[in-house]
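Remarks on the structure that follows.
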Amino acid sequence: MPKTKGILGRKVGMTRVYDENGRSIPVTVIEAGPCTILQKKTVNKEGYNAIQVGFIEKNESRLNKPEAGHFKRSGGKGYYHIKEFRVSDPESYEVGQQVTLTDVFSIGDLVDVSGKSKGRGFQGVIKRHGFAGGRKTHGSNFHRAPGSIGCSAWPSRVLKGKRLPGRMGNDLVTQKNLRVIDIRTEENVLLVHGTTPGAKNGILNIYSKA
């Protein structure tokens, strides 16, 4: 089977491994795949070449009728997470086929990992934007507020893009060029050098750059 461009995974956490010189390497542990091919998309029909894959099986009793009909073509099993990955030749894949780590990556490859960052709710300007805040002494009564935000007579409004309090986190974030340190096929585990977005058990999209 030709290499696909990506796979879905679940962030397990972080640890360290050691190289041959005894140096510590921080790694993120990702449970990646196996993913099941649910659908093939072609230029003639959908306008682009891709395969749709499912990750983490879903109990049949939790499927609604449209989902059950869609999953029926790939064997009937449902999945919690569905993702498309572009491929050059979708006809070389079969619906229901399993995509594993070794079908996508090799040790030493560079990968891009994207996922939802940790949601931090509504935050002020000090945490959200790194403002210094006001002085803490002599009764200034100005500590964590954003300060003056408007203009005077002209243009008499707050300009777009002003850094203000608001929702922080829970955004799609991509870490680029992380190196694959190890692949443990028997556990479906991928070790990548460095950090990846999100909290433990978060779903990650892992893209091959090979």
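Numbers at a glance
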| read-out | value |
| --- | --- |
| Members of region 14-49 found to be over 22 Å from the mean Cα position of the chain (by Cα), more than 14 Å from Glu84 (Cα to Cα) and of a type in the set (Ser, Thr, Tyr), listed by number | Tyr18, Ser24 |
| Condition check for Asn188: surrounded by 12 or more Cβ atoms within 10 Å (Cβ to Cβ), without any contact (Cβ under 8 Å) to a residue 60 or more places away in the chain and at positive phi | no |
| Residue that is farthest from Tyr18 (Cα to Cα) [pool: residues in region 149-184 that are under 25 Å from the mean Cα position of the chain (by Cα) and among the basic types (Lys, Arg)] | Arg167 |
| Number of the condition not met by Gly22 [criteria: (1) surrounded by fewer than 22 Cβ atoms within 10 Å (Cβ to Cβ); (2) in contact with a strand residue (DSSP E or B) (Cβ under 8 Å, 6 or more places away or on another chain)] | (2) |
| Positions within region 160-187 being closer than 19 Å to Ser106 by Cβ and either touching a helix residue (DSSP H, G or I) at 6+ places or on another chain (Cβ under 6 Å) or of a type in the set (Ser, Thr, Tyr) (or both), in sequence order | Ile183, Thr185 |
| Any chance Val113 is in the same structural domain as Thr185 (by TED's automatic domain parsing), modelled with pLDDT under 90 and surrounded by 12 or more Cβ atoms within 10 Å (Cβ to Cβ) | no |
| Sole residue being exposed (fewer than 13 other Cβ atoms within 10 Å of the Cβ), among the polar types (S, T, N, Q), out of contact with any Gly (no Cβ under 6 Å at 6 or more places or on another chain) and closer than 24 Å to Asn177 by Cβ, chosen from Ser106, Ser61 | Ser106 |
| Test result for Leu191, in the same structural domain as Arg10 (by TED's automatic domain parsing) and within 16 Å of the chain's Cα centre (by Cα) | yes |
| Qualifying residues in region 101-130 (those that are within 18 Å of the chain's Cα centre (by Cα) and of a type in the set (S, T, N, Q)) - the one farthest from Lys72 (Cα to Cα) | Ser117 |
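The values are calculated or read from the model by the stated rules, or taken from the named source; none is laboratory data. The model shown is predicted, which means the values in this text are computed figures rather than measured ones. Heads up, the Cβs are rebuilt from the backbone with ideal geometry, glycines too, and the neighbour counts pull from every protein chain shown.
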